[in-house]
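For reference, the structure discussed in these notes is given below.
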Amino acid sequence: MADPARGAADRVRADGLASRQRILEAAASLSGDRRITMVEIAAAAGVGRSTLYRHFPTREALDRALEGAGPAAPPDAALGRVATLPFRSPGGLGRDRPLALEVTRVLDEVPPHLVPDQLVAEARRAGAVAVALYVVDIDGSHLLRLAGSEDFPDRLEAPPALGPEIVPEGLPAFYARLQDELPGCVAEPLWLRGRVLGLLVCVGMPVESLADIATQGAAALELANDYTDFIEAARRRKPTSAAAEIQQNLFPPRIARIAGAQLAGVLLPTYEVGGDWFDFVENRDGAWLAIADAAETGPTAAGLGAAALGALRAARRKGDDLEEALATMHDTVRALGNPDFHVTALVARWRAATATLSWVNCGHPPACLVDVDGNLAQLEGAEHLPLGTGDAERGFEAASRHLHSGERLILLTDGILERHTEGGGRFGLDGLRRALERAETATAASTALAIQQAVTDCWTEPLEDDATVVVLAVA
């Protein structure tokens, strides 16, 4: 007679081995970039942080396990998965076997609007299970089925998302909720430079890992998106205005890894679009980050914001420093010829080598700094008039300070601080402090997500003004 206790122990051991294997597969697929965090690896593996650290207490322990993994293992009946490629040290980008799907071949041979269907077909062939591809609505409120069988739901509610990108730290909890709606399903995230652009959702465990298809599929979708409206149209549950389309096209990726830090940004738009925008980019002279709020509403605000952002990007690309970039933005706003036009902005530059942040504030709410103990304070520095106001010839003085490991910089617009709350007050710095306490981790994406949720939840009424936040978390 079978021993029930032994059977239970075997199941526990199999579950533990399966979790360990998923962690190794996820880490291998994200290898070669030391900026990938343990939290991101846990999210990619679909396990909680406690499970990850139970198997691998430190990053060094995980690296040692990857280095000793050897060639890709054959299928294991107990695990039902195929191991992915061994760990690659930086500089070793070659592969031991062909890819299941190659992004360059997809783009060369498949019409852009059919790329989602092709990804699902390839995943179904490799995994021998039913598959659907989901992307996030532009407001981050739903996952929407882009391709795959109509047996799958059209939409899945409340993903952990900043705009159209999923926050990796929220995936384990989302997977648990997903089991209530689709019991026994397995989800494979579409990773691209630390961002999750969508999910391949399978009914049952695929016979082969879909990690490669998901990774190549993420790049294929990102590139195909430049050649078709199909993907962007699918991300819109409701029709958007011309002003909203202008505003959406100003944004960079919502989540980014840069030297020495992580970045995340999100905008919560009002019905009557305001002039908020944010931007970040990493260049040889450091990482630039900016947040701004243009006067007026609707198409006028969107156009004014686009002009100011275009001036900033032009200045960066010709090698201007912070002060010169602000002067170019000021000249551009004035050149539009409307005395009522102005833009508040905070433009900053982060240099990882010296751990130094420099910034110029032009009539914008001050930046906030969260120390390693969670204490919040506003940064002090020279404040200038909004861009487009004052004298034609203006000088700008940059402030600077060192940032330390574990600190978080928060840039925000007045739509965050002035948001009404249910009790009749304002969100303000106290609301920001409460939001920080809700953040699951101290990463940039988790912090931005917590602030977004707090601003949305503090009052049942719609936002009166665009609410925008950018977070830089120092590694």
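The values are calculated or read from the model by the stated rules, or taken from the named source; none is laboratory data. Since the structure is predicted, the reported quantities are computational estimates derived from the model, not experimental observations. All Cβ positions, even for glycine, are placed from backbone atoms using ideal geometry, and neighbour counts span all protein chains on display. SASA here: full protein model, heavy atoms, side chains in, ligands and nucleic acids out. Shrake-Rupley method; radii C 1.70, N 1.55, O 1.52, S 1.80 Å.
Key figures for this structure:
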| quantity | calculated |
| --- | --- |
| Residue count for the range 321-335, restricted to those that are under 25 Å from G415 (Cα atoms) and open to solvent by 10 Å² or more (accessible area, probe 1.4 Å) | 2 |
| Residue that is farthest from E122 (Cα to Cα), among those in the range 145-165 that are assigned to a strand (DSSP E or B) and aliphatic (A, V, I, L, M) | L162 |
| In the range 128-180, the residues that are surrounded by fewer than 15 Cβ atoms within 10 Å (Cβ to Cβ), within 20 Å of A233 (Cα to Cα) and touching a residue at least 24 places away in the same chain (Cβ under 8 Å) | R155 |
| Test: A377 is of a type in the set (A, V, I, L, M), free of Cβ contacts under 8 Å to residues at least 40 places away in the same chain and surrounded by fewer than 18 Cβ atoms within 10 Å (Cβ to Cβ) | yes |
| In the range 422-442, the residues that are touching a residue at least 24 places away in the same chain (Cβ under 8 Å) and more than 24 Å from V167 (Cβ to Cβ) | E422 |
| Any chance A256 is closer than 24 Å to G310 by Cα and open to solvent by 20 Å² or more (accessible area, probe 1.4 Å) | yes |
| Options V455, V470, V372, V474: the member that is open to solvent by 50 Å² or more (accessible area, probe 1.4 Å), in contact with a Gly (Cβ under 8 Å, 6 or more places away or on another chain) and among the β-branched types (V, I, T) | V372 |
| Odd one out for I416 among (1) buried (at least 21 other Cβ atoms within 10 Å of the Cβ); (2) closer than 30 Å to R49 by Cα | (2) |
| Verdict on A132 being of a type outside the set (V, I, T), in a strand (DSSP E or B) and over 20 Å from the mean Cα position of the chain (by Cα) | yes |
| Selection from the range 291-306 of residues that are assigned to a helix (DSSP H, G or I) and under 25 Å from the mean Cα position of the chain (by Cα) | A302, G305, A306 |
| Count - residues of the range 341-363 that are open to solvent by less than 20 Å² (accessible area, probe 1.4 Å) and either in a loop (DSSP other than H, G, I, E, B) or of a type outside the set (S, T, N, Q) (or both) | 10 |
| Residue within the range 186-204 that is open to solvent by 10 Å² or more (accessible area, probe 1.4 Å), in a loop (DSSP other than H, G, I, E, B), in contact (Cβ under 8 Å) with a residue 24 or more places away in the chain and closer than 29 Å to D457 by Cβ present | no |
| Top-ranked residue in the range 261-283 [being open to solvent by 10 Å² or more (accessible area, probe 1.4 Å), modelled with pLDDT under 95 and not hydrophobic (A, V, I, L, M, F, W, C); ranked as farthest from H342 (Cα to Cα)] | Y271 |
| Some residue of the range 438-445 being loosely packed, with under 15 Cβ neighbours inside 10 Å and under 23 Å from the mean Cα position of the chain (by Cα) | yes |
| Candidates A392, A473, A454, filtered to the one that is part of a strand (DSSP E or B), in contact with a Lys or Arg (Cβ under 7 Å, 6 or more places away or on another chain) and in contact (Cβ under 8 Å) with a residue 12 or more places away in the chain | A473 |
